[in-house]
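Asker: Supplied in structure tokens, the structure appears directly below.
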Amino acid sequence: MQTFTERALRIIKQIPPGKIMTYGQVAAAAGSPRGARQVTRILHSMSAKHSLPWHRIVNAKGQIVLRNEEARFFQRKTLQEEGVEIDKDDRIDLLKFRFHPIAEEEKIDCFKNPL
């Protein structure tokens, strides 16, 4: 059985360029709907070690919330380079850019289970 951290790392790594997830969404997908702060800690402490696309994680309102100006600029710039539209208040349209990961049990091997 995987730990919350292992599941969260796997989910974060799945987020493709041009898509985003919220802290709470990652936490819920990893099995802890109230674990958004844990996701923040994982991103802070493990992004470099695991090459996580940390810039693709935003708050529940779809907003970039980093306090560090350099990190905030990097996140905004990198997301825009990936095609994510960000308004003047650093908000992203969640309906348009949110990524919905597929749980492992939902994946279908089309060779073993043809439709």
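Asker: Determine which member of the set Gly24, Gly18, Gly35 is surrounded by 12 or more Cβ atoms within 10 Å (Cβ to Cβ) and farther than 25 Å from Thr78 by Cα.
Answerer: Working: Gly24 fails: farther than 25 Å from Thr78 by Cα; Gly18 fails: farther than 25 Å from Thr78 by Cα.
From the options Gly24, Gly18, Gly35, the qualifying one is Gly35.
Asker: Just need a number here: residues in segment 1-20 that are part of a loop (DSSP other than H, G, I, E, B) and either at pLDDT 95 or above or in contact with a Leu (Cβ under 7 Å, 6 or more places away or on another chain) (or both).
Answerer: Counting residues in segment 1-20 that are part of a loop (DSSP other than H, G, I, E, B) and either at pLDDT 95 or above or in contact with a Leu (Cβ under 7 Å, 6 or more places away or on another chain) (or both) gives 5.
One line per residue, one yes/no per condition, for (1) closer than 11 Å to Tyr23 by Cα; (2) without any contact (Cβ under 8 Å) to a residue 60 or more places away in the chain; (3) of a type in the set (Gly, Ala, Ser); (4) out of contact with any strand residue (DSSP E or B) (no Cβ under 9 Å at 6 or more places or on another chain):
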| residue | (1), (2), (3), (4) |
| --- | --- |
| Arg41 | yes, yes, no, yes |
| Ser45 | no, yes, yes, yes |
| His50 | no, yes, no, yes |
| Ile57 | yes, yes, no, no |
| Gly62 | yes, yes, yes, no |
| Arg67 | no, yes, no, yes |
| Arg72 | no, yes, no, yes |
| Glu82 | no, no, no, yes |
| Asp89 | no, yes, no, no |
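Asker: Here are some residues: Leu66, Leu79, Leu52. Which one is buried (at least 20 other Cβ atoms within 10 Å of the Cβ) and either among the hydrophobic types (A, V, I, L, M, F, W, C) or at pLDDT below 95 (or both)? Reasoning before the result, please.
Answerer: Values: Leu66 fails: buried (at least 20 other Cβ atoms within 10 Å of the Cβ); Leu52 fails: buried (at least 20 other Cβ atoms within 10 Å of the Cβ).
Being buried (at least 20 other Cβ atoms within 10 Å of the Cβ) and either among the hydrophobic types (A, V, I, L, M, F, W, C) or at pLDDT below 95 (or both) holds for just one of Leu66, Leu79, Leu52, which is Leu79.
The values are calculated or read from the model by the stated rules, or taken from the named source; none is laboratory data. Note that the structure is predicted; figures quoted are calculated from it, not measured. Every residue, glycine as well, gets a Cβ built from its backbone with ideal geometry; the counts of neighbours run over all protein chains shown.
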